[in-house]
Amino acid sequence: NPYAGLVSHLQASWLSRKTRPMEYRMAQLEALGHFLDERKQEILEATAADMGKPPFEVELSEILMCKNELHETLNSLSCWMKDKQVDRPLVTQLDSAFIRKDPYGVVLIMAPWNYPIHLILVPLIGAIAAGNCVIVKPSEISKNTERLVAEVLPSYLDKDCFAVVTGGVQEATRLLENKFDYIFFTGIPSVGRIVMTAAAKHLTPVMLELGGKNPCYVSDTCDVPNVARRVVWGRFFNAGQTCIAPDYLLCTLQMQEKLLPALREAITDFYGPNPKESPDFGRIVGDKQFRRIRALLCSGRVAIGGQTDEAERYIAPTVLVEVQPSDPIMQEEIFGPILPIVVVANMDEAIDFINARPRPLVIYAFSSNDKVLSQVLERTSSGGFCGNDTLMQVMLTSLPFGGIGNSGLGMYHGKFTFDTFSHHRGCLKRGMGREPLNAPRYPPYTPQKFGIIQAASQVTRRDGCTLL
């Protein structure tokens with residue numbers, strides 16, 4: 001295997017305990033900050049070349065959010081690393097019981113192309129903070145950013161403990177043949193299954209962030225212009241190539257008629273009368289992806305937008321109406337600048353529609369009535385939830401981010417990333433003396449001995465009540 005030597009080298013580094021001291025972890029994390037600061041212009045240029053990303057969107061999603069994660073981790077690492085003392089029953093009152101946060105060892109991070117810096121660095125920050133050695137595999141689809149990461153990032157990190165591997169499907173397949181101690185994958189469900197299958201051969205734990213079709217319910221009671229602006233921003237940010245973007249709207253026919261002019265106005269306000277000329281609207285990452293998304297325009301009827309230019313990989317911000325649940329656009333994650341509207345009779349029908357499909361990465365709901373938001377939250381299941389806005393939930397490092405079921409497995413961001421890359425090791429330390437206290441647990445057993453053990457070790461309910 002072409003990567004066996006690299007994995008073995010990192011394994012030896014990890015076994016040497018080089019990555020364990022907090023000072024080492026802090027130094028490597030600080031180096032990631034230097035990478036973001038010193039290579040900012042190169043990041044802007046690479047992401048622009050790959051998918052026409054506007055500098056504002058890069059600064060927000062690729063740089064600022066990574067820095068927030070980094071600073072949160074640097075500020076809190078000493079606290080996160082401490083052993084956590086736990087409660088003890090009477091039988092172990094004189095002992096020490098705690099949870100130790102151990103690194104897994106050598107971990108693999110496989111990143112996608114849509115946020116090629118963010119979705120490498122955010123998990124990498126947590127993996128380093130937890131004391132692991134790491135191999136990073138950027139996506140070959142965002143080829144300019146892949147080249148930047150491969151050529152530049154290793155110069156900021158300890159090469160004995162961190163490495164970048166490039167290539168496509170064949171290289172990723174060979175890489176997955178190796179035994180890792182943890183695998184973190186972001187991508188589509190079909191590839192997630194391949195990763196999980198490869199991991200299963202070595203009983204390797206995995207974190208899968210897989211996306212999906214995120215529904216957005218708009219109730220009849222809401223501020224229509226505000227809804228339109230927040231939905232347009234979330235759907236067309238990064239030209240719609242965002243795993244947490246609202247994938248489709250659910251609303252009544254009456255609300256659809258109110259929304260359409262508001263959506264059209266928001267698109268014009270944001271991107272001008274011709275979004276193709278806007279410096280703030282991106283492009284599709286590749287020809288294959290462009291053709292797939294363009295084919296979805298056959299669903300329903302184009303109400304806004306619909307223009308395409310294959311030479312530029314441009315697809316206009318588009319809204320579709322008269323969309324049926326059986327249409328092609330409702331069978332897969334869109335991952336592009338198209339927003340279908342599906343008409344429902346009421347909130348109950350919208351909730352039934354959501355629950356009849358695989359659980360999404362996030363559910364959005366808009367309403368001026370908080371009871372409506374609470375109903376959608378309580379009666380559905382998803383990786384996350386955001387009421388009366390889109391995308392903003394990922395700005396909080398205090399919230400876990402991850403999917404459930406078809407949309408993923410595990411969670412990260414902030415301390416949750418540190419915990420994801422840490423093995424929580426249950427530990428008990430007892431003294432060598434006081435042996436008479438252990439006598440009741442030794443044979444020969446008697447009812448009296450069990451009574452003593454029970455009294456000393458049982459957990460009792462607090463404030464319990466007796467049913468008569």
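The values are calculated or read from the model by the stated rules, or taken from the named source; none is laboratory data. As the structure is a prediction and not an experimental result, all values here were calculated from the model. Note that each Cβ is placed from the backbone with ideal geometry, even for glycine, and that neighbours are counted across all protein chains shown. When the accessible area is computed, the model is the full protein with side chains, heavy atoms only, and any ligands, DNA or RNA have been set aside. Shrake-Rupley method; radii C 1.70, N 1.55, O 1.52, S 1.80 Å.
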By the Cα gyration tensor axes a ≥ b ≥ c (a/c under 1.5 gives rounded; else a/b larger than b/c gives prolate, otherwise oblate), the shape of the range 8-77 is prolate
Dividing the mean separation of Cα pairs under 8 Å (6+ apart) by the residue count of the range 215-406 yields a relative contact order in percent of 27 percent
Semi-axes of the range 373-468 from the Cα gyration tensor (sqrt of 5 times each eigenvalue, largest first, whole Å) come to 47, 23, 12
So the angle from the long Cα axis of helix 224-236 to the longest Cα principal axis of the chain, reported in degrees to the nearest 10, equals 70 degrees
Mean Cβ-within-10 Å packing, highest first, puts peptides 394-406, 420-432, 135-147, 322-334 in the order 135-147, 394-406, 322-334, 420-432
Quick calc of log₁₀ I(q)/I(0), the range 215-406, Debye, one scatterer on every Cα, no solvent, q values 0.14, 0.15, 0.18 1/Å, result -0.75, -0.87, -1.27
Once both label points are put 7 Å beyond Cα along the C-beta direction, the Glu378-Glu42 separation in nm becomes 5.4 nm
The size of the Cβ-based charge dipole (Lys, Arg +1; Asp, Glu -1) of the range 10-138 about the Cα centre, to the nearest 20 debye, is 600 debye
Taking Cα pairs closer than 8 Å and at least 6 residues apart, the relative contact order of the chain in percent is 19 percent
The answer for Ile363, listing residues at least 5 apart or on another chain whose modeled amide H is closer than 5 Å to its amide H, is Gly384, Phe385, Cys386
Looking only at aspartates and glutamates whose Cα falls under 17 Å of Lys201's and that sit 8 or more positions away or on another chain, we get Glu177, Asp181
Thr417 neighbourhood, Cβ < 11 Å, K/R = +1, D/E = -1, net charge -2
Among Phe401, Asn178, Ala303, the residue whose Cα sits farthest towards the positive end of the charge dipole of the chain (+1 at Cβ of Lys and Arg, -1 at Cβ of Asp and Glu, taken about the Cα centre) is Asn178
Counting only DSSP beta bridges fully inside the range 215-406, the antiparallel percentage to nearest 5 is 25 percent
The aspartates and glutamates whose Cα lies under 19 Å from the Cα of Lys179, excluding any fewer than 8 residues away in the same chain, are Asp102, Asp160, Glu171
For 356-362, 178-184, ranked highest to lowest by mean beta-carbon neighbours within 10 Å, the order is 178-184, 356-362
In the chain the accessible area split gives carbon plus sulfur, as whole percent at 1.4 Å, a share of 55 percent
Answer in debye to the nearest 20: the dipole magnitude of the chain about its Cα centre, from +1 Lys/Arg and -1 Asp/Glu charges placed on Cβ, is 2000 debye
Taking r as the C-beta separation of Asn68 and Leu6 and R0 as 41 Å, the FRET efficiency to the nearest 0.05 is 0.85
Over 19 Å (Cα to Cα) among Lys84/Lys415; Lys213/Lys371; Lys53/Lys258; Lys137/Lys159 -> Lys213/Lys371; Lys53/Lys258
Rounded to whole Å², per residue accessible area for the chain with a 1.4 Å probe reads 46 Å²
Straight-line reach check, Lys276, cutoff 20 Å on alpha carbons, 8 or more apart in-chain or any other chain, hits among aspartates and glutamates -> Glu45, Asp50, Glu57, Glu265, Asp287, Asp309, Glu310, Glu312
Labelled set (1) 25.8, 88; (2) 21.7, 65; (3) 21.7, 69; Rg and Dmax of the Cα atoms in Å computed from this model equals the value at (1)
